[in-house]
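Note sheet for the following structure.
The values are calculated or read from the model by the stated rules, or taken from the named source; none is laboratory data. As the structure is a computational prediction, the values presented were derived from the model and not from experiment. Backbone-built Cβ (ideal geometry, glycine too); neighbour counts: all protein chains shown. Surface areas here come from the heavy atoms of the whole protein model, side chains and all, with no ligands, DNA or RNA. Shrake-Rupley method; radii C 1.70, N 1.55, O 1.52, S 1.80 Å.
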Amino acid sequence: MCEEQKAWSAARSLWLILALLGWLATIIACALPPWRVTPMEGGNGTRPLWEGLWVCCAVHAPQARRCVAYDSLLDLPQDLQAARALTLIAAILGLLAAGMGMAGGLCCPCVKDPLHRGNLTVSAGILFLVCGVLMLLTAGWSTHSIRQDFYDPLVALDGKREPGAAIFVAFAAGAAQLLGGLLLCFSWTRKSEVYPADLKNASSTVQKSARRKV
């Protein structure tokens, strides 16, 4: 039984690490500037652009770019406005889920009751699930908007964009948190962790002796 408990605890730790990696990828996707990029350098001498959630960068060379922060939230396209809000919500919820998951899944000394640890781990899994859905929704919405504008004949060539690296990081973050959160939701505390085998044997022995005396 002890080996089974160790294997179950190791599995929960791996699932938590997967979800934590997805949360870190969420923060990276939120900070990276290449969310929407120009497909190629225009023939009129314009430089490639990277449109991020916080800054817009003009790429002059592979190692040289100039980034300027947006003056207002209204300067962003509608899909980037939604992406900024959703990624911030996912990052905050992921921080809460990470704290709950580490307290419950990594056997934190401050939480000694196995039942409480199990409840914290499952709650963290639910939050990671929500974060994963938010990130997939954000990346999918942005990709759909970019695709619509790209194939719209009414949009000028300078206004067409392609998905940048940050969107693919967002997809990976959502998938990792969704999978890790789903697995953590099934990591409730087992009876063997609350009632070890030696304790159950001792209690059954006491009950049998009490019945004999009666």
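General observations
- Considering (1) surrounded by 13 or more Cβ atoms within 10 Å (Cβ to Cβ); (2) within 27 Å of the chain's Cα centre (by Cα), the lone condition that Gln78 does not fulfil carries the number (1).
- One residue stands out among those in region 5-26 that are hydroxyl-bearing (Ser, Thr, Tyr) and at pLDDT 80 or above: the one that is least open to solvent (accessible area, probe 1.4 Å), which is Thr26.
- Residue within region 117-129 that is modelled with pLDDT of 85 or more, open to solvent by 40 Å² or more (accessible area, probe 1.4 Å), closer than 21 Å to Lys160 by Cβ and not hydroxyl-bearing (Ser, Thr, Tyr) present: no
- Of everything listed in (1) out of contact with any strand residue (DSSP E or B) (no Cβ under 9 Å at 6 or more places or on another chain); (2) part of a helix (DSSP H, G or I); (3) open to solvent by 60 Å² or more (accessible area, probe 1.4 Å); (4) not aliphatic (A, V, I, L, M), the single unmet condition for Arg147 is (1).
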